[in-house]
1. Of all residues in the stretch 98-131, how many are within 16 Å of the ligand (Cβ to nearest atom) and touching a residue at least 24 places away in the same chain (Cβ under 8 Å)?
2. Identify the residue in the stretch 151-176 that is within 11 Å of the ligand (Cβ to nearest atom) and closer than 21 Å to Ser305 by Cβ and, among all such residues, is modelled with the lowest pLDDT.
3. If you scan the stretch 303-322, which residues turn out to be in a strand (DSSP E or B) and either surrounded by 21 or more Cβ atoms within 10 Å (Cβ to Cβ) or basic (Lys, Arg) (or both)?
4. Helices (runs of 4 or more DSSP H) wholly in the stretch 1-82 with at least 1 residues that are more than 30 Å from Ala139 (Cα to Cα) and in contact (Cβ under 8 Å) with a residue 12 or more places away in the chain - which ones?
5. Tell me, yes or no, whether the stretch 230-242 has at least one residue that is more than 10 Å from the ligand (Cβ to nearest atom) and open to solvent by 30 Å² or more (accessible area, probe 1.4 Å).
6. Any residue at all in the stretch 176-193 that's in the same structural domain as Ala289 (by TED's automatic domain parsing), among the polar types (S, T, N, Q), touching a Phe, Trp or Tyr at 6+ places or on another chain (Cβ under 9 Å) and buried (at least 16 other Cβ atoms within 10 Å of the Cβ)?
7. Exactly one of (1) touching a residue at least 60 places away in the same chain (Cβ under 8 Å); (2) among the charged types (D, E, K, R); (3) under 22 Å from Ser142 (Cβ atoms) is unmet by Arg206. Its number?
Amino acid sequence: MSMSKAARTINATAFSYISSWALLTAAELRVFDHLPARSQDLSAISPDPDLVDTWMLTLADAGIVFNNEGVWNQTDDMATLLSGDNSYVDYLGGQVMQQMTPRLTLGHTGENVLASVLANPASRRGYQGWFADPDEARAYQSSQHAGSLGPAKALARALPDPTGRVLDLGGGWGAIAQAVAKRHNVDVDVVDFATVVSSAPAGSERVKFLAGNALDPATWPEQAYDGVVLSYLFSSIPGSAQEPLLAALADRGVQWIAIHDFMAGSGRWASAWSLQHAVFVPEHRSRSADAIGAMLNAAGFDTVSSAPLIDEMTTLVVGTRG
Ligand SMILES: C[S@@+](CC[C@H](N)C(=O)[O-])C[C@H]1O[C@@H](n2cnc3c(N)ncnc32)[C@H](O)[C@@H]1O
């Protein structure tokens, strides 16, 4: 690699926080709902059109907006993703900006959180500690729900055809469960922490929300399940708890397990999102899709398929019994 290529490679990562913050702020301030607009038309957001210009030019360089004769605009596809109710901006401006970035960067105290967790890994409190505060759980889940609605449809399509009730462990507010219930016409039970399920929005009659702990099978419903979905659960629990969890599900007689998550080596953003979880999940482990497939094999699920789900970010690994 030449020196100039090395410098470009470093800068591409070192400075991407600027365009990222410009986008997250645009999501928080819902600027995309106001486009097309000139900078001076955005006076409700800022009285300084020159400042808005600089902000929008950053977003234009990142390919998010474009300028046509002084008017800032977005393509139809961008508008679909970034404007209106229940759009991707709810997730970017909500969970990503408000709750995730402070857990990785400078926190609420100005201290470098990543550096401090590297020095003291035992300080991580996990989702259980985080969601002990019901307001935090609600804020997180409302934007997680918005973020999971799109992937939920793709995940539901990719499942083995369920022949009976499905369990969604760590299912949050049920975006995946609703999509599975709808596509396959089956009942789905969502198990998550009490603070999460107690505030879940009413969904279809086919989806039930139950308080429980994925790490404690005694808290799972006494119920036979055809299959189980674990969407982002492996990123959310200690690595040492993953094998016992699969063994407990196998003991319950499930016919398939679908694991959807950030997996090492599975794209540009997969490890980045693992790191975002590793800073607050105790004993977090990054695993590749192959390693997860091997764990499913060891738990008795001999046929394993693996495919990307969210481009450059997540993989779906499904294990089924023979
Ligand atoms: C990233 S969210 C994913 C939510 C949902 N599965 C989805 O794909 O949209 C991780 C979820 O795992 C849940 N979770 C983490 N640890 C858990 C545990 N020990 N028991 C139950 N749920 C847990 C969290 O409360 C949260 O809802």
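The values are calculated or read from the model by the stated rules, or taken from the named source; none is laboratory data. The shown structure was predicted, so the numbers you read here are calculated from the model rather than taken from an experiment. Note that each Cβ is placed from the backbone with ideal geometry, even for glycine, and that neighbours are counted across all protein chains shown. Accessible surface areas use protein heavy atoms only, side chains included; no ligands, DNA or RNA. Shrake-Rupley method; radii C 1.70, N 1.55, O 1.52, S 1.80 Å.
1. 13
2. Applying the first criterion (within 11 Å of the ligand (Cβ to nearest atom)) to the stretch 151-176 yields 151-152, 155, 168-176.
Going one step further and asking which of them are closer than 21 Å to Ser305 by Cβ, we end up with 151-152, 155, 168-169, 176.
On the way: Pro151: 92, Ala152: 96, Leu155: 97, Asp168: 98, Leu169: 98, Ile176: 97.
So, considering only residues that are within 11 Å of the ligand (Cβ to nearest atom) and closer than 21 Å to Ser305 by Cβ, the one modelled with the lowest pLDDT is Pro151.
3. Here is the first cut: in the stretch 303-322, the ones in a strand (DSSP E or B) are 303-308, 315-320.
Once the filter is applied, which keeps residues that are in a strand (DSSP E or B) and either surrounded by 21 or more Cβ atoms within 10 Å (Cβ to Cβ) or basic (Lys, Arg) (or both), the stretch 303-322 yields Thr315, Leu316, Val317, Val318, Gly319.
4. 49-61
5. yes
6. Keep residues of the stretch 176-193 that are in the same structural domain as Ala289 (by TED's automatic domain parsing), which gives 176-193.
Restricting the remaining residues to those that are among the polar types (S, T, N, Q) gives 178, 185.
Keeping just the survivors that are touching a Phe, Trp or Tyr at 6+ places or on another chain (Cβ under 9 Å) gives none.
No, the stretch 176-193 has no match at all.
7. (1)
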